[in-house]
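Participant: Here it is, the structure, as structure tokens.
The values are calculated or read from the model by the stated rules, or taken from the named source; none is laboratory data. Note that the coordinates shown come from a computational prediction; the quantities given were computed from them, not determined experimentally. Don't worry about glycine lacking a Cβ; one is built from the backbone with ideal geometry, like all the others, and counts go over all protein chains shown. Ligands, DNA and RNA are stripped out before the accessible areas are found, and what is left, the full protein with its side chains, is counted by its heavy atoms. Shrake-Rupley method; radii C 1.70, N 1.55, O 1.52, S 1.80 Å.
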Amino acid sequence: MIYVVSILAILGFSTLLYLGYKKRKKPTPEKIEYIPHAVGLSIFEQELFIALNKTRSGLLKIDEYSTKLAKEHCIYMISNEIINPLYNTTVSGVSHDNFPHRVSEMRKRGAESVGEVVAYGYGSSGGFINGYELSPGHKKIIENTVYTHVGISVLKNPAGKMYNCMLFTQFKN
């Protein structure tokens, strides 16, 4: 309950603070810290994938192309953070911006349906999963057994905050 109230308070505060803030200078991909990769996913991404599959009744497989799209979206979200010059704080850039483009790209590769979840600020895979579980919309996507594949990205912004995007896909048979 405290998490829900905190999330609502942060969202409301973020919305109020949005006006008048300067956009953060867009970091280039080389300035965004990529966590070292093993087998195509970082250790953190692998932990998130394992935790994700523990919450579902049907196991997911990793899809490389949707992982690429998820990574691009994490870079986009980090690039669109807002700095509050009065308090030297950052308002996250977490969003579903350009989701129709990601759906279109996945449909070109045979996707029948695509779902997306995004989050910011959690320091562990369990934290991300718990945050998603508190959101009925995110939980519905994560637990939907229609989805058979997932693309996962977790990136750190220059301040060390984690951004996550997961694209869930059902491919045509």
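Participant: For segment 136-159, which positions are in contact (Cβ under 8 Å) with a residue 40 or more places away in the chain, out of contact with any helix residue (DSSP H, G or I) (no Cβ under 7 Å at 6 or more places or on another chain) and either of a type in the set (S, T, N, Q) or not in a strand (DSSP E or B) (or both)?
Facilitator: If the condition is that a residue be in contact (Cβ under 8 Å) with a residue 40 or more places away in the chain, out of contact with any helix residue (DSSP H, G or I) (no Cβ under 7 Å at 6 or more places or on another chain) and either of a type in the set (S, T, N, Q) or not in a strand (DSSP E or B) (or both), then 143, 145, 147, 148, 159 are the ones that fit.
Participant: Could you list all residues from segment 93-129 that are touching a helix residue (DSSP H, G or I) at 6+ places or on another chain (Cβ under 9 Å), in a loop (DSSP other than H, G, I, E, B) and open to solvent by 30 Å² or more (accessible area, probe 1.4 Å)?
Facilitator: Listed by number, the residues that qualify are 94, 96, 97, 98, 109, 121, 122, 124.
Participant: Hey, can you tell me all the residues within segment 142-164 that are within 13 Å of the chain's Cα centre (by Cα) and open to solvent by 40 Å² or more (accessible area, probe 1.4 Å)?
Facilitator: Those that are within 13 Å of the chain's Cα centre (by Cα) and open to solvent by 40 Å² or more (accessible area, probe 1.4 Å): 156, 161.
Participant: List every residue pair whose Cβ atoms sit under 6 Å apart, with the two residues 6 or more apart in sequence or on different chains, where the first one lies in segment 56-68 and is polar (S, T, N, Q) and the second, anywhere, is open to solvent by 60 Å² or more (accessible area, probe 1.4 Å) and outside any helix (DSSP H, G or I).
Facilitator: Matching pairs, first to second residue: 57/145.
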